[in-house]
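A quick write-up on the structure given underneath.
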Amino acid sequence: MVIMDTSIIGVALPEIQRDLGFTAQGLSWVFNAYVVAFGGLLLLGGRLSDLLGARRVFTTGWIVLAVGSLVAGAAGSPAVELVGRAVQGAGSALIAPAALTLLFTIFGATPKELTKALAVYGAAAPAGGTAGVFLGGVLTQFASWPWVFFINLPLAAAVVALAPSVMPAGAAHRGSVDVAGATTVTLGLGSVVFAVVRAPQVGWTAPSTVVAGLVGLVLVAGFVVRQAKARQPLVRLGIFKAPNLAAANAAQFLLGAAWIPMFFFVNLYLQKVLGLGAFASGAALLPLTVTIMVGMVAVAPRLIARFGPKALTVAGLVTLAAGLAWLSFIPADGSFWSDVLPASLVTAAGMAMAFIPSLGLALSSAAPQEAGLAAGLVNTNYQIGSALGLAAMTAVAAAFGADGSAADLAGLTDGYSAALIGAAAIAAVGAVVAAAWLRTPATPTSAPDVSKEQVVA
């Protein structure tokens, strides 16, 4: 659902623009408002999961998501629409780390089962992204655009009703929320994401980009200083001393920075160069999605058990880099079957291999009482990496011709190719970082012990 809420609006955007009066530039914020709130509040969501219990925060997140969906669907003006999307993002920032914390609470005591659970969790993301494309088109065409938001209401109601009977409460811990720290890091990360997602539209040297970026960096730096001095910090800096936690988060950051641009620019190539419609483009990405899901659920756990998480993370990032480099050879007069499909399946295999072991290492490196914090950190790194990677590669694509006339298919293709080469370089750097920094744990997917009391709770 968290991923679907980013993709389901794509087909509906023209209708939203027409009915609410968005400008062409302002329309992008229907997407960006969600991303900024989501990325900025993830650490707070993780900390609240540790303090209040993951199930409580998880269900609260769904309630917040439902409220935001209701506001976004009923909006009669651009301002109200953006408020609704931001509230949706806030709800997702509570849901995502709490979901991982619950998953770790249930399966963390058995490394083999944790690996399987993480595989299913990871496979849900591409499934949600693809489902959003189709569902958004169906709802927009046969109902109306507000239903891309209203569809969340019955789903949220079902989750809130079922959660108490099917999920453990999650261990709550004594402590307080560092309100000042939470405010600082949320505003800081939000400002950085704001600058990054806005830069391709207004320019990297535009005053709004530079000011927002600098303010964000200063706030993040201030947050780090505060965490070093606070008695009960939002993020205990000592957590980064845990073996593999920092390295696994770096791998997730670079994985997101390489993967999201690939998905974005391949979709643009399919539609703008090959001339496929939204539904046909979504269908063209189904083999990639299926490969990821099968790879994560059926293949990755077995490879982790045999070769270990470090080796598979490195191999996955190398495979992703190779697939992206292959994709960069797409021609302006290309074919989906020969120029896109084979290379995209290679990238899907790389993603499936790298995502699960790096995520597992990031979660299992922390103590059980800091599972929510670890989940918040890894979610934040992946989301911020995705935003930075997409913005940077968008700038690269524009510099190499993708910002020209829509009729200039050669220019568009050159820009997309350059972006894919850049994404391949990011994945290659990720492989080097993982090879040099990750340690091989004593067992393939070692995890801290989770006490019987915590599981029962």
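Values quoted throughout were computed directly from the atomic coordinates according to the rules given, and no laboratory measurement underlies them. What you are looking at is a predicted structure, and each value in this text was computed from that prediction instead of being measured. All Cβ positions, glycine included, derive from the backbone under ideal geometry; neighbour counts span all protein chains shown.
Relative contact order (percent) for segment 28-106, with alpha-carbon contacts under 8 angstrom and 6 or more residues of separation? List each step's numbers first, then the result.
Working: 123 pairs, mean separation 35.3, N = 79.
Reported as a whole number, the value is 45 percent.
Which residues' amide hydrogens lie under 5 Å from the amide hydrogen of Gln232, considering only partners 5 or more residues apart or on another chain, with H built in the peptide plane?
Under 5 Å from the amide H of Gln232 lies no amide H from a residue far enough along the sequence or on another chain.
Using Stokes-Einstein with the Kirkwood hydrodynamic radius over Cα pairs, what translational diffusion coefficient do you get for the chain at 10 °C and a viscosity of 1.306 mPa s, in µm²/s rounded to a whole number?
On the way: Rh = 22.2 Å.
Once the numbers are plugged in, D ends up at 72 µm²/s.
Near the amide H of Leu276, under 5 Å away, which other amide H atoms are found, from residues 5 or more places off or on another chain, if H is placed in the peptide plane?
So Leu276 has HN proximity to Gln271.
Could you please rank Arg85, Arg236, placing first whichever residue has the fewest other Cβ atoms within 10 Å of its Cβ? Display every interim value, and only then the final one.
Values: Arg85 28, Arg236 17.
The fewest-first ordering by Cβ neighbours comes to Arg236, Arg85.
For segment 178-233, what is the Kirkwood hydrodynamic radius in Å, using each pair of distinct C-alpha atoms? Present the calculation step by step, with values, prior to reporting the outcome.
Details: mean 1/r = 0.0867 Å⁻¹.
Computed over Cα pairs of segment 178-233, the Kirkwood hydrodynamic radius comes out at 11.5 Å.
Tally Lys and Arg at +1 and Asp and Glu at -1 over the other residues with C-beta under 15 Å from the C-beta of Leu270: what net charge comes out? Provide the component values of the computation, followed by the final result.
Numbers: positive: Lys272; negative: Asp333, Asp339.
Computed value for this residue: -1.
What's the magnitude of the charge dipole for the chain around its Cα centre, counting Lys and Arg as +1 and Asp and Glu as -1 at the beta-carbon? Answer in Debye, nearest 20.
Values: 20 positive and 15 negative charges, 279 e Å.
Around 1340 debye, computed over the chain.
Run lengths n ≥ 4 of DSSP H only: what is the helix-derived mean residue ellipticity at 222 nm for the chain, with -39500 (n - 2.57) per run over all residues, to the nearest 500?
Numbers: 20 runs with 341 residues, N = 457.
-25000 deg cm²/dmol, from helical runs alone.
Give the distance, in whole Å, between the Cα centre of segment 122-143 and the Cα centre of segment 1-17.
Their Cα centres are 9 Å away from one another.
Taking H placed 1.01 Å from N in the peptide plane, check which residues at least 5 places from Gly53 or on another chain put their amide H under 5 Å from its amide H.
Distant-sequence amide H within range of Gly53: His173.
Got a sec? How would Phe22, Phe253, Phe142, Phe307 order by Cβ neighbour count within 10 Å, fewest to most? Before the final figure, lay out each step's value.
Details: Phe22 20, Phe253 24, Phe142 8, Phe307 16.
Result, fewest neighbours first: Phe142, Phe307, Phe22, Phe253.
For Cα pairs less than 8 Å apart in space and 6+ apart in sequence, what is the mean separation divided by the residue count of the chain, i.e. the relative contact order in percent?
Numbers: 858 pairs, mean separation 106.1, N = 457.
This gives 23 percent for the chain.
Can you compute the FRET efficiency between Glu113 and Leu286 using 1/(1 + (r/R0)^6), with r the Cβ-Cβ distance and R0 = 30 Å? Round to the nearest 0.05. Kindly include the intermediate steps, with their values, before the conclusion.
Details: r = 29 Å, r/R0 = 0.97.
Calculated transfer efficiency: 0.55.
Which entries of Lys112/Lys241; Lys116/Lys229; Lys241/Lys310; Lys272/Lys310 have Cα-Cα distances beyond 27 Å here? Walk me through the numbers before you get to the answer.
Working: Lys112/Lys241 25 Å; Lys116/Lys229 39 Å; Lys241/Lys310 18 Å; Lys272/Lys310 38 Å.
Over 27 Å Cα-Cα: Lys116/Lys229; Lys272/Lys310.
With each pseudo-label sitting 7 Å past Cα toward Cβ, what's the Phe240-Val429 distance in nm, one decimal?
1.7
What is the spin-label model distance, in nm, from Leu214 to Ala230 if the labels are put 7 Å beyond Cα along the C-beta direction?
In this crude label model, Leu214 to Ala230 measures out at 2.6 nm.
By counting other Cβ atoms within 10 Å of each Cβ, how are Asp178, Asp50, Asp339 ranked from fewest to most?
Working: Asp178 21, Asp50 26, Asp339 18.
Sorted ascending by nearby Cβ count, the order is Asp339, Asp178, Asp50.
What whole number of Å gives the distance from the Cα centroid of segment 202-277 to the Cα centroid of segment 338-409?
10
Between Leu155 and Ala406, what is the spin-label point distance in nm, taking each point 7 Å from the Cα along the Cα→C-beta axis?
2.9
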